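For reference, the structure is listed below as structure tokens.
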Amino acid sequence: MERKRIGKITHFFPKISVAVVELEDSAKNGDTIEIEGHGKSFEQKIGSMQVNHQPVESAKKGDAIGMKVAQEVKVGDVVFLKTG
């Protein structure tokens with residue numbers, strides 16, 4: 001499986017396990033992503049995301065999305081889209 005960098009983590013809210021991702025490319029619900037940084041990485045599907053606290057099906061380059069994450073992440077972690 002190939003991967004393409006689509007963004008980076010800019011905030012993490014541990015109580016609700018939500019990360020804010022600044023997108024460098026587009027993303028949509030159902031995409032499989034890999035989050036990597038600080039010596040660890042994990043894969044998950046995008047279950048849902050929000051832009052400005054509104055649910056969206058997809059987001060584009062330049063958007064800052066909020067999404068639930070399966071594990072703790074840190075500011076600066078990189079988000080990759082898994083393809084193929």
| request: Could you provide, to the nearest whole Å², the per residue accessible area of the chain with probe 1.4 Å? | output: 61 Å²
| request: Select from 44, 54, 71 the residue whose mean-square fluctuation is largest in a Gaussian network model of the chain (Cα-Cα springs shorter than 10 Å). | output: 54
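Which entries of 4/68; 28/68; 8/68; 15/40; 15/45 show an alpha-carbon separation above 18 angstrom in the structure shown? Provide the component values of the computation, followed by the final result.
On the way: 4/68 20 Å; 28/68 14 Å; 8/68 14 Å; 15/40 20 Å; 15/45 20 Å.
Check vs 18 Å cut-off fails for 4/68; 15/40; 15/45.
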| task | Go through region 8-73 and name the trypsin sites (Lys or Arg not before Pro) that are in a DSSP coil and have 10 or fewer other Cβ atoms within 10 Å of their Cβ. | result | 15
| Is the shape of the chain rounded, prolate or oblate, going by the alpha carbon gyration tensor and its root eigenvalues a ≥ b ≥ c, with a/c under 1.5 for rounded and a/b larger than b/c for prolate? | rounded
| task | Would you kindly derive the ³J(HN,Hα) couplings of region 46-63 from the backbone phi angles with the Karplus curve 6.51 cos²θ - 1.76 cosθ + 1.60 (θ = phi - 60°), listing them in order in whole Hz, with x for Gly and Pro? | result | 7, x, 7, 8, 10, 10, 6, 6, 10, x, 9, 7, 8, 9, 10, 3, x, 6
| task | Could you give the size of the charge dipole of region 44-83 about its Cα centre, using +1 on the Cβ of each K and R and -1 on the Cβ of each D and E, expressed in debye and rounded to the nearest 20? | result | 120 debye
| Tell me, what is the 1.4 Å probe accessible area of residue 38, in Å² to the nearest 10? | 120 Å²
| remark: For residue 41 and residue 72, extending 7 Å from Cα along the Cα-Cβ vector and measuring point to point gives, in nm, a value of 2.1 nm
| Given springs between every Cα pair under 10 Å in a Gaussian network model of the chain, which of 56, 69, 21 has the largest fluctuation? | 56
| request: Measure off, as a whole percent, the carbon and sulfur share of the 1.4 Å-probe accessible area of the chain, all protein chains present. | output: 51 percent
| query | Using modelled amide H (1.01 Å from N, peptide plane; none on Pro or chain starts), what sits under 5 Å from the amide H of residue 63, excluding residues fewer than 5 places away? | reply | 23
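The values are calculated or read from the model by the stated rules, or taken from the named source; none is laboratory data. On a predicted model such as this, the values are computed, not experimentally measured, just so you know. Note: ideal-geometry Cβ built from the backbone for every residue, glycine included; neighbour counts use all protein chains shown. In case anyone asks, the SASA skips ligands and DNA or RNA and just uses the protein heavy atoms, side chains included. Shrake-Rupley method; radii C 1.70, N 1.55, O 1.52, S 1.80 Å.
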